[in-house]
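Below is one structure; the comments refer to it alone.
The values are calculated or read from the model by the stated rules, or taken from the named source; none is laboratory data. Given the structure is predicted, the values throughout are model-derived calculations rather than measurements. In this analysis, Cβ positions are derived from the backbone assuming ideal geometry, glycine residues included, and neighbour counts consider all displayed protein chains. Accessible surface areas use protein heavy atoms only, side chains included; no ligands, DNA or RNA. Shrake-Rupley method; radii C 1.70, N 1.55, O 1.52, S 1.80 Å.
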Amino acid sequence: MRFAIFSDVHSNLHALEAVLADSRENNCSHYVCLGDIVGYNAFPAECVAKIRELDCPVVKGNHDELASMLSSGEGFNELAEEAIQYSRECLSEDDKNWLRNLRLQRQVRDFTIVHATLDTPHKWGYIFNALDAAGSFSYQHTTLCFIGHTHSPRVYVRDSTIQALPTFTEISIEPGKKYLINVGSVGQPRDGNWRAAYCIYDTQENVVKLRRVTYDLNSTQEAILAAGLPAKLAERLAYGK
Ligand code: ZN
């Protein structure tokens, strides 16, 4: 089986379509979405529709949670908040219900999926280093767990210690170890690379590959401006920030 595992689409329809096309070219038969389908970019309803069509396992992200609520409360940054309000306006009640009812974590076949962390998934903490990863690993009962949330692809390997691999293109899964794999972001990468990121997990070969996919950046930026969203949200995409 070949799984295409993706996260943080954030209403970037052009990037999502490019990722789905790339996954089909690479013979993926199954899809998994790690949340944050909405927020930031111009096409929340279209992205929700595409992912609902895939009929695949999905977990909830913090932007999905906020967009499906009536108001956000405190503590969300201004840029993100404007896009959340825009997402709320675009989404149907049915889409909001669907987002609201997504689970925080799931097991899919022999691996676990969660948007942020396994130790406190509802608190939306960030895993930036091996120390952060330790808390999540203590709740990880499968060899593999896939996460998103930071928008930077990264692998943490737990053997006798925890090792962080800041860059990776391909990881062979070895017995006796545990892997916490951040698949990066489809719709708003923040690792300095503007190309959409996702992972392919081949269960026969026991390999996880990171893919980077080019997409129509200009049309995406134009749509953000046309939607009346902040120009900064369009600009940052070109820098992968
Ligand atoms: Zn996100």
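Taking region 145-192 as the range and being in contact (Cβ under 8 Å) with a residue 40 or more places away in the chain, open to solvent by 10 Å² or more (accessible area, probe 1.4 Å), within 16 Å of the ligand (Cβ to nearest atom) and among the polar types (S, T, N, Q) as the test, only Thr150 passes. Might you check whether a residue that is farther than 25 Å from Ala231 by Cα and of a type in the set (Val, Ile, Thr) occurs anywhere in region 76-84? Looking through region 76-84, none of the residues is farther than 25 Å from Ala231 by Cα and of a type in the set (Val, Ile, Thr). Scanning region 105-124 for residues that are open to solvent by less than 70 Å² (accessible area, probe 1.4 Å) and within 16 Å of the ligand (Cβ to nearest atom) gives Ile113, Val114, His115, Ala116, Thr117, Pro121, Trp124.
Can you find even one residue in region 39-47 that is within 17 Å of Glu93 (Cα to Cα), within 15 Å of the ligand (Cβ to nearest atom) and among the small types (Gly, Ala, Ser)? Yes; the residues of region 39-47 include at least one that is within 17 Å of Glu93 (Cα to Cα), within 15 Å of the ligand (Cβ to nearest atom) and among the small types (Gly, Ala, Ser).
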